[in-house]
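Following: one structure in structure tokens, then a few remarks.
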Amino acid sequence: HLARLNASNNHIPSVDALRTLSLNTDLTWMALRGNPCSSKSAYRFKLCGLLPQLLLLDDTRMPKGTNYRPSTPKGKDPAPSSLQGGGGAHRPGSSASTPHSHKAS
């Protein structure tokens, strides 16, 4: 039963590459320093979901519970996906289902 894994400096590209480790429920300590996946901001959050029994990652205690979310800088809240792309802001009094036409005067 594998309880500790030092996978530092092994060119692991993403947390998804570690998915098979989720079958090992005894793994409680892991080191991933020096891998491309550890430089991504959400890698701790993803590992928390993949390996909920993990207690230490890179010598840092993992948060207890499933409500762990990576911290985001203040004022950097991502926009909802429905506002990205071709849509436009809905203005009061306008109908999104009614096409607007402009007449030249």
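Extending 7 Å from the Cα toward the beta-carbon at both residue 60 and residue 40 defines two label points whose distance is 1.6 nm. Taking the accessible area of segment 4-61, probe 1.4 Å, and keeping the other protein chains in place, the carbon and sulfur fraction comes to 54%.
For residue 31, the shell of other residues with beta-carbons less than 12 Å away shows a net charge of 0, using +1 for Lys and Arg and -1 for Asp and Glu.
Protein heavy-atom accessible surface, 1.4 Å probe, per residue over segment 4-61: 58 Å². Using the alpha-carbon positions of segment 4-61, Rg (one decimal) and Dmax (whole number) come out as 10.0, 26 Å.
The values are calculated or read from the model by the stated rules, or taken from the named source; none is laboratory data. None of the values given here were measured: they were computed from a predicted structure. So basically every Cβ, Gly included, is an ideal-geometry build from the backbone, and we count neighbours across all protein chains shown. Note: accessible area is taken over every heavy atom of the protein model, side chains too, but ligands, DNA and RNA are not part of it. Shrake-Rupley method; radii C 1.70, N 1.55, O 1.52, S 1.80 Å.
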